């Protein structure tokens with residue numbers, strides 16, 4: 001019985017921390033490899049259109065997951081991809097294949113900055129193609145592109161910030177879990193799940209969210225002037241999602257089309273008649289095409305991962321993310 005109680009206590013403590021860390025040595029390629037998704041029609045067409053995935057949750061974590069875990073897109077992955085592209089003179093345009101609800105504030109704005117810097121440094125056009133979801137942080141980074149397109153069934157918007165701070169006091173009481181906290185100031189354990197927030201703490205949290213929201217509006221307003229002034233933007237940036245047609249009407253996107261249409265637009269933007277369509281991967285299977293997911297996780301470097309606990313996706317923090325149910 002004592003052993004059972006100990007196991008329950010350990011499981012609860014792990015759930016409260018949000019994950020179980022595992023370390024597993026894995027093998028495989030250590031560098032990004034170019035994979036052809038579609039050959040050019042002409043024999044002598046050597047130019048390339050690069051397709052880059054922005055899929056799953058946008059996070060600082062290394063892209064990919066163990067045991068079929070949640071897919072992520074990280075700043076580290078995006079910088080590696082864009083650096084490789086900038087070093088290849090044959091890459092003439094980039095298409096971001098976006099299917100993401102968004103993610104952390106810091107990861108979203110970091111990737112957006114990487115895309116903006118890439119465009120400025122290389123002059124290479126970048127087109128965002130939202131295939132499923134392009135919400136919140138995914139829209140934030142899409143706004144750094146030359147154009148944003150969306151599939152007819154896609155959804156976008158959810159412009160705003162959400163703070164998630166789980167309360168687990170009652171769960172802890174049931175299993176006898178306690179925390180002893182020593183702090184240098186009254187607000188040092190701000191956001192603790194072991195107690196209720198004070199009014200002062202709630203105001204600190206709201207001020208942080210308001211600041212991040214103002215930055216979000218500033219970024220979109222600067223990069224999507226066709227939407228209108230900040231007052232016009234704020235009217236549609238109340239956190240709601242939009243269908244493809246609604247987003248087009250509100251000038252959140254430039255066109256409603258499919259991935260192959262965006263690739264054709266990338267060709268036009270690069271002033272090309274023909275090009276090979278490629279992606280970068282740490283490993284890939286056969287029979288690749290423009291709809292094949294790129295296997296982003298680096299099997300050698302991904303030596304630790306997370307097994308989600310009951311609190312899983314509710315890791316405390318601030319997000320540019322559509323999180324229904326919160």
**Message:** Filter segment 182-203 down to the residues that are exposed (fewer than 10 other Cβ atoms within 10 Å of the Cβ) and either in contact with a strand residue (DSSP E or B) (Cβ under 8 Å, 6 or more places away or on another chain) or over 30 Å from residue 240 (Cβ atoms) (or both) and list them by number.
**Reply:** 182, 184, 185
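Yes/no matrix, rows are residues, columns are (1) farther than 21 Å from residue 217 by Cα; (2) in contact with a helix residue (DSSP H, G or I) (Cβ under 9 Å, 6 or more places away or on another chain):
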position: 97; (1), (2): yes, yes
position: 103; (1), (2): no, yes
position: 112; (1), (2): no, yes
position: 115; (1), (2): no, yes
position: 123; (1), (2): yes, no
position: 130; (1), (2): no, yes
position: 140; (1), (2): no, yes
position: 145; (1), (2): no, yes
position: 165; (1), (2): yes, yes
**Complete:** Checked 221, 192, 211 against criteria (free of Cβ contacts under 8 Å to residues at least 60 places away in the same chain, touching a helix residue (DSSP H, G or I) at 6+ places or on another chain (Cβ under 6 Å) and either part of a loop (DSSP other than H, G, I, E, B) or closer than 23 Å to residue 159 by Cβ (or both)); the one match is 221
**Item:** Odd one out for residue 40, checked against (1) in a loop (DSSP other than H, G, I, E, B); (2) surrounded by 14 or more Cβ atoms within 10 Å (Cβ to Cβ); (3) modelled with pLDDT under 85
**Value:** (3)
**Request:** Pull up segment 238-248, narrow it to residues that are in a helix (DSSP H, G or I) and touching a strand residue (DSSP E or B) at 6+ places or on another chain (Cβ under 7 Å), then point me to the one that is surrounded by the fewest Cβ atoms within 10 Å (Cβ to Cβ).
**Result:** 245
**Message:** Go through segment 261-278 and report how many residues are more than 21 Å from residue 82 (Cα to Cα) and not in a loop (DSSP other than H, G, I, E, B).
**Reply:** 1
**Item:** Selected residue (criterion: nearest to residue 153 (Cα to Cα)) from residues of segment 85-111 that are touching a strand residue (DSSP E or B) at 6+ places or on another chain (Cβ under 6 Å) and not in a strand (DSSP E or B)
**Value:** 101
**Request:** Look through 251, 235 and report the one residue that is surrounded by 14 or more Cβ atoms within 10 Å (Cβ to Cβ) and free of Cβ contacts under 8 Å to residues at least 40 places away in the same chain.
**Result:** 251
**Fill in**
The number of residues in segment 141-189 that are without any contact (Cβ under 8 Å) to a residue 60 or more places away in the chain, in a loop (DSSP other than H, G, I, E, B) and over 22 Å from the mean Cα position of the chain (by Cα) is 13
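The values are calculated or read from the model by the stated rules, or taken from the named source; none is laboratory data. Predicted model, so just to flag it, every value in this text is computed and none were measured. No Cβ is skipped: glycine too gets one built from the backbone with ideal geometry, and neighbour counts run over all protein chains shown.
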